[in-house]
Amino acid sequence: MVEVRVVDMRLSEEYEALRKTVAEFAHDVVAPVIGELYERGEFPADVVRQMGRLGLFGLPFPEEYGGMGGDYFALCLALEELARVDSSVAITLEAGVSLGAMPIYRFGTEEQRREWLPRLAAGEVLGAFGLTEPGGGTDAGATRTTAVLDGDTWVINGSKAFITNSGTEFTGFVTVTAVTGQRPDGGKEISSILVPAGTPGFSVAPGYSKVGWRCSDTHELSFTDVRVPAANLVGERGRGYAQFLQILDEGRIAIAALSTGLAQGCVDESVRYANTREAFGRPIGRNQAVAFMVADMEVRASTSRLAYYDAASRMLRGEPFKRQAAVAKLVASEAAMDNARAATQVHGGYGFTNDYAVGRFYRDAKILEIGEGTSEVQRMLIARELGL
Amino acid sequence: MNIVVCVKQVPDSWAEKKLNPSDSTLDRDSVDAVMNELDEYAVEEALVLQEAHGGEVTILTMGPEKAGETIRKALSMGADKGVHVVDAGLHGSDAVATSAVLAKALGTLEWDLVIFGIESTDARMSVVPAMVAERLGSPQLSFATKVDVADSTVTIQRQTEYGFDTVEAKTPAVVSVVEKINEPRYPSFKGIMAAKKKPVTTLTLADLGLGADEVGLAGSWSAVDEFAARPPRQAGSVVKDEGDGGVKIAEYLAGQKFI
Ligand SMILES: Cc1cc2nc3c(=O)[nH]c(=O)nc-3n(C[C@H](O)[C@H](O)[C@H](O)COP(=O)(O)OP(=O)(O)OC[C@H]3O[C@@H](n4cnc5c(N)ncnc54)[C@H](O)[C@@H]3O)c2cc1C
């Protein structure tokens, strides 16, 4: 008999229970407070503390490091459900886990893991990842920040731009990429080095005034003769570039999940609104023009979900997933942007106020096409994977 | 100290609920089912007491197959094991019949405390804990805002219209708790995974030695004769203040017997 394998996109009982729990948490804990925090551009410290207690920051890590013993897909499900309600909270988790903790887990020494992971997994400490520089993000190989070994101490000089979670009361360290020498082929040797918060010479500029993600913490950082032990090297010397490419590949699946959540949140809010708001004596959703806009939103949200489920399942099976991750990130971030625009349209003038979630979604969507690789970068990756 | 928490699966409190036209019972298939929110406080209180005093926390539920989900949720919050009374003959049981089943099931378990939420959000009678205590011949400490256990004495605080009561009893005892008592935890993913491996026993009416006439629609003391949809909400009346607004409001309130 021929064995037929069909694709099964249903969630297992445990994933489904996790999804429901996070949905409940987002509804009960995040939704009631986020509007006001967003207006004030305030970091949601109390929500983050509760996310920590719920174990969200430990989702993909083994129990021996204080994690929940889950996997990267569990993290993605949590991100989707959080972003369905709010993206600032979701990106705080995404950056904390996939950019902050993951490099330590994947590339750190056993000592670094023992020192940081239990607190990172508990959400007591946030780690940040500093790759982008004021002079450029996409061209990450052009890094100008330098680290020079002086005996058993790295001396770091340079600056980083747009670093998420780098200035919160929870921030424990930033892993920065820096030029540590020259490769035999003449290119830059790039390595990752962990810089604890509060190290002399490491300064955090005031937060950016951002269009969206207003409750997420983002700063420019500068390093002036910052000295950290040689043992703070994360992973192998000279492997910094390859390491962050791997981290970004995974991170794209997480951003795709987050984008799917925003796209789905637009559907949720628009269905509710189109059913209750009346014009010309009937709910606006009874007009085909409105109903079709919402139907198209649903198409984009569910397509995005399938794309990230596919990329995540390949990754968990240990198969190559670079192309699928780029596809998922591209499809989902564009879906988020399109859905936010349409959802705001469905809400009319109220959609342009901060009293409705869709106004926030509209402001939060654009960055998804920029962060962790712009849409142009995703297209470049996909084309390259196709041999072009 | 061993604790049994009685929990119930109910239709999502926020969902629009329907009754079955055929037997006037709740149509449980048409809406999402969740753990009765008020029972989450009971589970949390049991887990807090267990953290302080040790012992086991057992979750007891009576309900259809699907109600097993509610046991799983309590197990993922941290409870140790579950007991599920499931039998087609239970359909339509009222509070009296339910209390008979729960009392029998509790008779098969070892416990020092039984904890209930104060009511279920679908039936809202608040009588099952008292009925169960009566059937078991156990002291009942109801509407607790705080529970303390020392040796074999359980002490609760209760807030009433007249002030604060402190009530105590010897264990074994039955306690019901109100929302104010604690903040229920969310299950963690570790808890969700661990719950899969925790034991759940199922019991039928025959296992409990109950006859079909003692439970279900047949064994219930109350029955729904007829029901009608809630009338649509009336538009409120708007009082225009022409210098006499206060008087008009007072007249309205007096007319409704509020003042
Ligand atoms: C809120 C926020 C949070 C962030 N968090 C972090 C963080 O935690 N850590 C971190 O390291 N970075 C972070 N970033 C930085 C982010 O990853 C970069 O902004 C992004 O990678 C783009 O880099 P850039 O801003 O320098 O734009 P540029 O690289 O200057 O790109 C400008 C435009 O040119 C296009 N472009 C560039 N090169 C090419 C090319 N070869 N072909 C075609 N088009 C091209 C780009 O697609 C883009 O449209 C964050 C950014 C923001 C806004």
Residues of the stretch B:165-198 that bury at least 10 Å² of accessible area, probe 1.4 Å, when all protein chains are present rather than the chain alone, are B:186, B:187, B:188, B:189, B:190, B:192, B:193, B:196
Among beta bridges that DSSP assigns inside the protein assembly as shown, antiparallel share in %, nearest 5:
60
Could you report the buried accessible area between A and B, both sides summed, computed with a 1.4 Å probe and given in Å² to the nearest 100?
1200
Relative to the longest principal axis of the C-alpha atoms of chain B, give the angle of the C-alpha long axis of helix B:68-77, reported between 0 and 90° and rounded to the nearest 10°.
80
Using Cα pairs under 8 angstrom and six or more residues apart, how large is the relative contact order of chain A, in percent?
16
Tell me, what ³J(HN,Hα) does each residue in the stretch B:55-65 have, in order and in whole Hz, if you take phi through Karplus 6.51 cos²θ - 1.76 cosθ + 1.60 with θ = phi - 60° and put x for Gly and Pro?
x, 10, 10, 10, 9, 10, 9, 10, x, x, 2
Can you give the FRET efficiency for residue A:316 and residue B:234, using 1/(1 + (r/R0)^6), R0 = 45 Å, r = Cβ-Cβ distance, to the nearest 0.05?
0.20
Which GluC sites (Glu not before Pro) in the stretch B:103-184 sit in a loop by DSSP (not H, G, I, E or B) and have at most 11 other Cβ atoms within 10 Å of their own Cβ?
B:110, B:161
Pairwise Cα inverse-distance average, inverted: Kirkwood Rh of the protein assembly as shown (Å)
28.0
Helical mean residue ellipticity (222 nm; -39500 (n - 2.57) per DSSP H run of 4+; nearest 500) of chain A
-15500 deg cm²/dmol
When only DSSP loop residues count, what chymotrypsin sites (Phe, Trp or Tyr not before Pro) in the stretch A:269-315 have their Cβ near at most 16 other Cβ atoms within 10 Å?
A:280
Hey, what's the Cα Rg ratio for the stretch B:192-259 versus the globular rule of thumb, 2.2 N^0.38 Å?
2.51
For the stretch B:72-92 versus the stretch A:161-229, the gap between their alpha-carbon centres in whole angstrom
51
Let me know the Kirkwood hydrodynamic radius for the stretch A:127-238, please, with Cα pairs as the basis and the value in Å to one decimal.
14.2
17 Å reach of a label modelled at residue A:231, 7 Å along Cα-to-Cβ, counting backbone N of the stretch A:111-128
A:111-118
DSSP loop (so not H, G, I, E, B), at most 16 other Cβ within 10 Å: list which chymotrypsin sites (Phe, Trp or Tyr not before Pro) in the stretch B:185-259 pass both filters.
B:221, B:227, B:258
CD proxy at 222 nm, helix term only [per DSSP H run n ≥ 4: -39500 (n - 2.57); per residue of chain B; nearest 500]
-8000 deg cm²/dmol
Tilt of helix B:95-107 relative to the longest C-alpha principal axis of chain B, in degrees (0 to 90, nearest 10)?
20
Regarding the stretch A:13-126, what is the average projected area of its C-alpha convex hull, in nm²?
6.5
For the stretch A:242-385 the mean separation of alpha carbon contacts under 8 Å (6+ apart) over residue count, i.e. relative contact order in percent, is 32
Integer Hz, Karplus 6.51/-1.76/1.60 couplings in order for the stretch A:321-328, x for Gly and Pro
9, 3, 5, 5, 5, 5, 4, 4
Under the Kirkwood approximation applied to all pairs of distinct alpha-carbon atoms, what is the hydrodynamic radius of the stretch A:231-302 in Å?
15.3
Taking Cα atoms only, Rg over Rh for chain A with Rh from the Kirkwood formula is 0.99
What percent do you get for the relative contact order of the stretch A:13-126 when only Cα pairs under 8 Å and 6+ apart count?
31
Lys and Arg at +1, Asp and Glu at -1: neighbours of residue A:274 with Cβ under 14 Å from its Cβ sum to -1
Which value, in Å³ per residue, describes the convex hull spanned by the Cα atoms of the stretch B:1-99?
99
Report the equivalent ellipsoid semi-axes for the stretch A:242-385 in whole Å, largest first, defined as the square roots of five times the eigenvalues of the gyration tensor built from alpha carbon atoms.
33, 14, 11
Counting only heavy atoms of the protein chains, get the accessible area per residue of the protein assembly as shown (1.4 Å probe) and round it to a whole Å² value.
48
Can you give the Rg to Rh ratio for chain B, taking only C-alpha atoms and Rh from Kirkwood?
1.06
Report for chain B the percent antiparallel among DSSP-assigned beta bridges with both residues inside it, nearest 5.
40
I'd like the distance separating the alpha-carbon centroids of the stretch B:27-57 and the stretch A:98-143, in whole Å.
38
Working from Cα positions, state the angle (0 to 90°, nearest 10) between the long axis of helix B:245-255 and the longest principal axis of chain B.
60
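The values are calculated or read from the model by the stated rules, or taken from the named source; none is laboratory data. Because the structure is a prediction, the values reported are computed rather than measured. Cβ sites come from the backbone with ideal geometry, for glycine too, and all protein chains shown count toward neighbours. Side chains are part of the model used for accessible areas, which takes the heavy atoms of the whole protein and leaves out ligands, DNA and RNA. Shrake-Rupley method; radii C 1.70, N 1.55, O 1.52, S 1.80 Å.
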